[in-house]
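Step one of this worksheet: look at the structure below.
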Amino acid sequence: MPDAACGVVACTFVAPILPRVLSPRFQTGTTTGQRQPDADSGGTHVDILLLVDLQHDFLPGGALPVIDGDQVIAVANRLQPHFTETLATQDWHPRDHASFAANQPGRRIGEVIDLDGLSQILWPVHCVQESTGAAFASQLDTKRIRRVFPKGTDPRIDSYSGFFDNGGKQATGLSEYLQQRAVRQLFVMGLATDYCVQFTVLDALQLGFDTALVVDGCRGVNQHPGDSDTAIQAMTAAGVTVMSSEQVMRSRQQA
């Protein structure tokens with residue numbers, strides 16, 4: 001696990017959601033979620049739990065904290081034994097990332113700039129590669145996480161989704177992995193409801209994956225009252241199944 005100090009000042013500012021440019025694949029409506037199982041899947045379709053950005057910098061006391069974000073860690077730990085496979089995404093920025101206000105002279109946190117043709121919110125320095133802030137929450141059971149998918153690694157573009165950067169161009173490899181595993185249903189939880197969780201869920205649905213949102217396993221930024229509710233409504237309209245962790249565990253026991 002990363003152990004170097006991040007050296008940033010915690011900041012509670014949160015900027016509004018900006019629309020992301022969708023890739024041509026999304027615009028044509030092509031879906032790729034249904035594939036044959038690979039040899040490692042044992043010839044059967046699998047259900048997978050995906051943990052989104054459960055990292056120190058997004059928890060209270062971190063550089064970009066989500067209120068009550070630490071409360072979802074226990075949910076993740078309770079759910080993992082009910083799945084044969086758990087995956088995780090991880091914000092993993094280089095220190096010179098262009099989305100950091102500190103790397104834009106004369107600019108302030110929360111400003112929106114044009115970055116190579118995309119609207120970009122300027123954030124405090126967070127989740128720097130090999131830093132304590134980028135590490136998974138210390139209370140998170142990471143032993144069951146089979147694979148981690150880093151995102152935001154390109155210094156010139158941000159990545160809210162666990163599947164693609166914000167331009168919809170560079171993939172993380174998560175979609176290809178899920179296709180190889182012939183995932184039957186993807187269960188998503190994490191931080192934050194109205195940012196990275198929402199973008200990840202919408203991409204999963206657009207790629208054709210049957211997706212469930214573990215609603216009590218998420219917390220939102222909610223810069224404006226109701227932002228998380230609005231995000232959940234958008235995900236529901238796109239086809240996500242909204243479930244509580246208790247419902248998920250009951251359904252897994254009955255399967």
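Every number here is computed from the coordinates shown, using simple stated rules; none is lab data. Treat the numbers as computed from the prediction; the structure is a model and nothing was measured. Virtual Cβ from ideal backbone geometry, glycine too; neighbours counted across all protein chains shown.
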For the stretch 24-254, the percent of all C-alpha pairs falling in each 5 Å bin, from 0 up to the bin holding the max distance, is 1, 7, 14, 19, 21, 17, 11, 6, 2, 1, 0, 0
Using θ = phi - 60° and Karplus 6.51 cos²θ - 1.76 cosθ + 1.60, couplings along the stretch 230-236 (whole Hz; Gly, Pro as x): 4, 5, 5, 4, 5, 5, 5
What percent antiparallel are the DSSP beta bridges of the stretch 24-254, to the nearest 5? 20
Write down Rg/Rh for the stretch 76-160, rounded to two decimals, with Rg from the C-alpha atoms and Rh from the Kirkwood relation over Cα pairs. 1.08
Using θ = phi - 60° and the Karplus curve 6.51 cos²θ - 1.76 cosθ + 1.60, what whole-Hz ³J(HN,Hα) does each residue of the stretch 117-126 get, with Gly and Pro shown as x? x, 10, 6, 10, 6, 8, 10, x, 4, 8
What residues have an amide H closer than 5 Å to that of Glu111, excluding those fewer than 5 places away on the same chain, when H is modeled at 1.01 Å from N in the peptide plane? Leu122
Karplus-derived HN-Hα couplings along the stretch 69-83 (A = 6.51, B = -1.76, C = 1.60, θ = phi - 60°), whole Hz, x at Gly and Pro: x, 5, 6, 7, 5, 4, 5, 4, 5, 5, 6, 4, x, 8, 10
For the stretch 24-254 the mean separation of alpha carbon contacts under 8 Å (6+ apart) over residue count, i.e. relative contact order in percent, is 26
Ratio of the Cα radius of gyration of the stretch 105-206 to 2.2 N^0.38 Å, where N counts its residues: 1.18
Long-range HN-HN contacts of Phe149 with modeled amide H, under 5 Å: Ala88, Thr89, Gln90
Arranged from highest to lowest average of other beta-carbon atoms within 10 Å per residue, in what order do the peptides 48-58, 69-79, 210-220 appear? 48-58, 210-220, 69-79
Once you have the Cα-Cα distance between Asp68 and Gln170, take 0.36 nm times their residue separation minus that, and quote the gain in nm to one decimal. 33.6 nm
Report the Cα centroid-to-centroid distance between the stretch 45-90 and the stretch 132-151 in angstrom, as an integer. 8
Place a point 7 Å from Cα of Asp116 in the direction of its Cβ. Which residues in the stretch 151-190 have their backbone N less than 15 Å from it? 151-160, 164-172
If we sort 126-138, 191-203, 230-242, 174-186 on the protection proxy, mean other Cβ atoms within 10 Å, highest first, what's the order? 191-203, 126-138, 174-186, 230-242
